[in-house]
Amino acid sequence: MSNLRPIWEPSKERIERANLSRFIRFAQTEHKALVTDYHSLYDFSIHHPEEFWRAVWEFCGIRASGDFDEVLVDGDKMPGARWFPGVRLNFAQNLLRYKDERIALIARNEWGHKRELSYAQLHDAVGRLAHALRAAGVKTGDRVAGFLPNIPEAVIAMLATASLGAVWSSCSPDFGINGVVDRFGQIAPKVLFTADAYGYGGKRFDCLSKIREVLGKIPGVEKLVVIPYSGNAFKLDGLPNAVAWPNFLGSEAPELEFTPTAFDHPLYVMYSSGTTGVPKCIVHGAGGTLIQHLKELVLHTDLKREDRIFYYTTCGWMMWNWLVSSLAVGASVVLYDGSPFHPDGKVLWDLVDEVDISVFGTSAKWIAAVEKAGIKPRESHKLLSLKTILSTGSPLADESFDYVYRDVKERVLLSSISGGTDIVSCFALGNPLLPVYRGELQCRGLGLKVEILDDGGKPVREEKGELACTAPFPCMPIGFWNDADGTKYKNAYFSKVDNVWCHGDHALLTEHDGIVIYGRSDAVLNPGGVRIGTAEIYRQVEQLPEVLESIAVGQEWDNDVRVILFVRLREGQTLDDALSSRIRKQIRDNTTPRHVPAKILQVADIPRTISGKITELAVRETIHGRPVKNTDALANPQALQLFEALRAQLAS
């Protein structure tokens, strides 16, 4: 692949003002690093990891105590490397380093509720809740869970939990009962937070009836704290050990105390999608999460105190954790709870103008959907404050890059970013110093030795292969919950190539050090032995105006694999021979004959995980008549019945 001409380049002023430019000068003067630009800085970061991460620590002003002499121990072991072993810190203390009147949280929802909290108010609220949790018996290492919408109380509860050295875990209230039990049931939380209800798409959804069943399946929850979010009256009858948020907090406002913990002390338990079985409980450490998030926010995202940063996310997606770490920079964090299409697809662009968002994060699917809806914010909105757009969740199509620069804003940095819950951060992401090339992630993350490996495990460039990280990094999970000997953890990431993290993305490293991601490795199609990333097909199919979205899987056929494509069309559209021919021609003309599907079928819905990602594996299992192991991980499991009904058409 070769994109020779960038579609965006930073101005000289933007380069000069960037935090990353200041960091390069800092590395030169304070650490005698021989770096002059991003590429030499990246080389320095992977060849001198101890010096690099020490420089990040100092530049970002991480607050800690203890022995800083050792940065990395057992650096040749993956897993097994240990970072900053002599250091003690508290994650919440670093996010609450500011205690002034500047705005910390701006919250909006589709009900029209508007709230703002200053850093001083946030500090006070966390102190009161931490005091209440301590009085309820929560201590270092205990688990506290949130079944919560994206509201300030979720942030307050996480920070109060972390201030005590306890472990936070959350999921969004659209999870089904079994989905919640599959997650929280494994970690046995001592305290559980929930809202009384939440709103989505113009509808009100009750949380308390659901949580009543959850509590019946998770013994040991000593306190249920209910947040009065909807504004309607509610009763706590039949909810054991339940208390309303205001009563739990009480009237005392004690001084906030922070319990110091080891660098690798558990901070978060997060969960894999669970589409292939019970979700894996991924444990992330306080120090690794903190230093990685600060590196990404300060250096790669160029976040400053005066910024207002937003990411459309729920509390069940790692981008929520990533977003909230922006508090450590002193920026204003914007929270939105509700549908991004209610009352229409302009609602998030309206939010940009209303609260002056400067860094706007969303999913690739949302960008594609607003383009399909014919929305042109450049014509309908001012977007004066907007300087950066972030996209993740799935590969951002080439045409979506065109859409942003044509119909959203010309002078904006569009950063496609990619990583995952597994590392609670990114392997490849944006960069304020580098140009943007159509269809590419700008660069590999500093300090992460990201390489693309061929089938023999050898690094390649400008060839498709497996995205891997071949050296330890601080935000690797400290392990999986209930995996004492580390077997599940090792099998998840280190079973393909010894001592190498294999991430499961099918990707390519470009000539100018960008990354292109073609989809998940386990969803790669293999007709006639040719490996095809599903995103290569989606990029072509979804350019047709009739197609809203698509999903492609490999069907076992005649001792080989054939490509089957399912399409969801605009309302009123039908898949006829003419449209099928246009789809095939679009794919053939822009890829290869191998990409052209053997069959194209219309479906009314496509299954997706609760975080919004389409799930090829569930469709693949269904069309082969094999059971899908955990449908509770899906937001719309009923969609699988549509594919089951098509099995007869796939028999020839």
| message | So for the stretch 58-77 (the condition being of a type in the set (Phe, Trp, Tyr), in contact (Cβ under 8 Å) with a residue 40 or more places away in the chain and crowded, with 21+ Cβ neighbours inside 10 Å), does at least one residue qualify? | response | no
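If I ask for residues that are of a type in the set (A, V, I, L, M, F, W, C) and over 17 Å from the mean Cα position of the chain (by Cα), which ones from the stretch 159-174 would you list? Walk me through how you get there before you give the answer.
Narrowing the stretch 159-174 to residues of a type in the set (A, V, I, L, M, F, W, C): 159-160, 162, 164, 166-168, 171.
Matches in the stretch 159-174: Leu159, Ala160, Ala162, Leu164, Ala166, Val167.
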| query | Ala104 fails exactly one of the following numbered conditions: (1) among the small types (Gly, Ala, Ser); (2) in contact with a strand residue (DSSP E or B) (Cβ under 7 Å, 6 or more places away or on another chain); (3) part of a helix (DSSP H, G or I). What is the number of that condition? | reply | (3)
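May I ask you to list the residues in the stretch 549-569 that are open to solvent by 40 Å² or more (accessible area, probe 1.4 Å) and modelled with pLDDT of 95 or more? Give the derivation first.
Kept after step one, since they are open to solvent by 40 Å² or more (accessible area, probe 1.4 Å), are these residues of the stretch 549-569: 556-561, 568.
If the condition is that a residue be open to solvent by 40 Å² or more (accessible area, probe 1.4 Å) and modelled with pLDDT of 95 or more, then Arg568 is the only one that fits.
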| note | Picked from the stretch 1-50 (must be in a loop (DSSP other than H, G, I, E, B), exposed (fewer than 14 other Cβ atoms within 10 Å of the Cβ) and touching a Phe, Trp or Tyr at 6+ places or on another chain (Cβ under 9 Å)), the residue modelled with the lowest pLDDT is Leu4
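If a residue has to be surrounded by 16 or more Cβ atoms within 10 Å (Cβ to Cβ), in a loop (DSSP other than H, G, I, E, B) and out of contact with any Ser or Thr (no Cβ under 9 Å at 6 or more places or on another chain) to count, how many in the stretch 249-265 make the cut? Walk me through it before giving the result.
In the first step, residues of the stretch 249-265 are kept if they are surrounded by 16 or more Cβ atoms within 10 Å (Cβ to Cβ); the result is 249, 256, 258-265.
Next cut, in a loop (DSSP other than H, G, I, E, B) only: 256, 258-260, 263-265.
With out of contact with any Ser or Thr (no Cβ under 9 Å at 6 or more places or on another chain) added as a condition, the list becomes 263-264.
Within the stretch 249-265, residues that are surrounded by 16 or more Cβ atoms within 10 Å (Cβ to Cβ), in a loop (DSSP other than H, G, I, E, B) and out of contact with any Ser or Thr (no Cβ under 9 Å at 6 or more places or on another chain) number 2.
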| request: Filter the stretch 382-430 for residues that are in contact (Cβ under 8 Å) with a residue 40 or more places away in the chain and among the hydroxyl-bearing types (Ser, Thr, Tyr) and give the result. | output: Ser385, Thr388, Thr392, Ser394, Tyr405, Ser415, Ser416, Ser418, Thr421, Ser425
| task | Could you check, for the stretch 572-584, whether at least one of its residues is out of contact with any Asp or Glu (no Cβ under 8 Å at 6 or more places or on another chain), in a strand (DSSP E or B) and either at pLDDT 95 or above or surrounded by fewer than 19 Cβ atoms within 10 Å (Cβ to Cβ) (or both)? | result | no
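Take Asp182 and decide whether it is open to solvent by 10 Å² or more (accessible area, probe 1.4 Å) and part of a loop (DSSP other than H, G, I, E, B). Please lay out each step first, then the result.
On the way: open to solvent by 10 Å² or more (accessible area, probe 1.4 Å): yes; part of a loop (DSSP other than H, G, I, E, B): no.
No: the conditions fail for Asp182.
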| said: Just to be sure I understand the filter: pairs with C-beta atoms under 7 Å, separated by 6 or more residues or on different chains, first member in the stretch 629-652 and open to solvent by 60 Å² or more (accessible area, probe 1.4 Å), second member in a helix (DSSP H, G or I). Which pairs pass? | reply: Glu644/Thr622; Arg647/Ile623
| task | Identify all residues within the stretch 465-500 that are touching a His at 6+ places or on another chain (Cβ under 8 Å) and either in a strand (DSSP E or B) or of a type in the set (Gly, Ala, Ser) (or both); write none if there are none. | result | Gly465, Glu466, Leu467, Ala468, Cys469
| said: Quick check on my filter: what residues within the stretch 176-199 are more than 13 Å from Gly146 (Cα to Cα), modelled with pLDDT of 95 or more and not small (Gly, Ala, Ser)? | reply: Gln186, Tyr198
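Looking at this structure, is Trp317 within 15 Å of the chain's Cα centre (by Cα), crowded, with 23+ Cβ neighbours inside 10 Å, in contact (Cβ under 8 Å) with a residue 40 or more places away in the chain and farther than 18 Å from Trp366 by Cα? So that I can check it myself, show each step before the final result.
Working: within 15 Å of the chain's Cα centre (by Cα): yes; crowded, with 23+ Cβ neighbours inside 10 Å: yes; in contact (Cβ under 8 Å) with a residue 40 or more places away in the chain: yes; farther than 18 Å from Trp366 by Cα: no.
Spelling it out, it is not the case that Trp317 is within 15 Å of the chain's Cα centre (by Cα), crowded, with 23+ Cβ neighbours inside 10 Å, in contact (Cβ under 8 Å) with a residue 40 or more places away in the chain and farther than 18 Å from Trp366 by Cα.
Rundown of residues vs (1) under 26 Å from the mean Cα position of the chain (by Cα); (2) within 20 Å of Ala373 (Cα to Cα), yes/no style:
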site: His506; (1), (2): yes, no
site: Pro527; (1), (2): no, no
site: Val541; (1), (2): yes, yes
site: Leu565; (1), (2): no, no
site: Ala578; (1), (2): no, no
site: Thr591; (1), (2): no, no
site: Ile606; (1), (2): yes, yes
site: Glu616; (1), (2): yes, no
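Look at Ser363 and say whether it is open to solvent by less than 10 Å² (accessible area, probe 1.4 Å), touching a residue at least 12 places away in the same chain (Cβ under 8 Å) and hydroxyl-bearing (Ser, Thr, Tyr).
no
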| task | Please verify whether the stretch 458-480 includes one or more residues that are modelled with pLDDT under 95, among the hydroxyl-bearing types (Ser, Thr, Tyr) and crowded, with 16+ Cβ neighbours inside 10 Å. | result | no
| task | State yes or no: is Phe566 in contact with a helix residue (DSSP H, G or I) (Cβ under 6 Å, 6 or more places away or on another chain), touching a residue at least 60 places away in the same chain (Cβ under 8 Å) and of a type outside the set (Val, Ile, Thr)? | result | no
| query | Here is a list of conditions, (1) at pLDDT 95 or above; (2) of a type outside the set (Phe, Trp, Tyr); (3) over 24 Å from Ser273 (Cα atoms); (4) open to solvent by 10 Å² or more (accessible area, probe 1.4 Å), and Val225 meets all of them except one; can you say which number that is? | reply | (4)
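Only one of Lys346, Lys295 is modelled with pLDDT of 95 or more, buried (at least 22 other Cβ atoms within 10 Å of the Cβ) and basic (Lys, Arg); which? I'd like the intermediate steps shown before the answer.
Working: Lys346 fails: buried (at least 22 other Cβ atoms within 10 Å of the Cβ).
Matching residue, one of Lys346, Lys295: Lys295.
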| said: The conditions are (1) open to solvent by 10 Å² or more (accessible area, probe 1.4 Å); (2) within 26 Å of the chain's Cα centre (by Cα), and Val126 fails exactly one of them. Which is it? | reply: (1)
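The values are calculated or read from the model by the stated rules, or taken from the named source; none is laboratory data. The structure displayed is predicted, hence computed values, not measured ones. Because the Cβ atoms are built from the backbone with ideal geometry, glycine has one as well, and the counts that use them run over all protein chains shown. Heads up: the accessible areas ignore ligands, DNA and RNA and are worked out on the full protein's heavy atoms, side chains in. Shrake-Rupley method; radii C 1.70, N 1.55, O 1.52, S 1.80 Å.
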